[in-house]
Amino acid sequence: MLLSLFLLLLIVLLTTVFRVELELTVDGALVQPVIRLAIGAISFTLPKKLLIKARELIRRRDVVKPGRLMKSMRLGLRLMDSFVQRVEIFRLQVVLGTGDPFWSALSCGGLWSILGPFFSGLSAGGRLAALPEVSIHPSFEEARLRLYLHCIFRFRLGQIMINELKRAAFAWQARISG
């Protein structure tokens with residue numbers, strides 16, 4: 001009886017749709033994250049006290065060096081590829097300025113060059129439920145960063161486990177045949 005109850009609970013947990021809504025506002029040194037989680041029909045917002053630690057970590061990130069920035073982006077993309085199975089909403093608004101018009105324009109173009117392949121991968125995988133809304137504008141007069149990100153994505157734990165088992169099997173097969 002107890003084993004069948006456990007198996008039923010496990011099946012429900014593995015097939016339940018989890019939804020994460022992230023809303024991030026950055027204006028200079030001010031960072032305001034809001035994270036809402038939904039498990040099936042139950043939804044709740046993470047308390048601000050829990051997000052204070054995340055805010056401190058975001059502020060301490062050393063993304064000034066290009067190598068460090070690329071490492072962070074690779075990790076983020078790998079995590080996104082593992083967990084995000086469906087993107088319901090993606091809105092990004094960025095105002096970026098370095099204090100120099102040339103570098104501001106180059107930075108905005110660089111950001112577009114990163115986002116293009118990102119959205120191509122999501123679109124090719126059939127993960128986008130709606131077209132993403134993205135606007136990136138340079139601030140030629142002053143050094144500034146203003147960012148607003150709102151995205152909602154869904155995943156199932158069972159699907160994540162299956163995907164990771166497939167990756168492990170392919171890696172093991174490649175190691176044996178190579």
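What the table shows:
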item: For the chain, average projected area of the Cα convex hull in nm²; result: 14.2
item: With at most 15 other Cβ atoms within 10 Å, longest stretch of the chain clear of loop GluC sites (Glu not before Pro) (DSSP); result: 1-140
item: Spread of Cα-to-Cα distances over 5 Å intervals beginning at zero, given as percent, for the stretch 102-178; result: 3, 10, 14, 15, 14, 13, 11, 9, 7, 4, 1, 0
item: Degrees, to the nearest 10: 48-60 long Cα axis against longest axis of the chain; result: 50
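Computed from the coordinates by the stated procedures, all read-outs in this text should not be read as laboratory data. A quick note: this is a predicted structure, and the numbers were derived from the prediction, not measured. We place every Cβ from the backbone using ideal geometry, glycine too, and count neighbours over all the protein chains shown.
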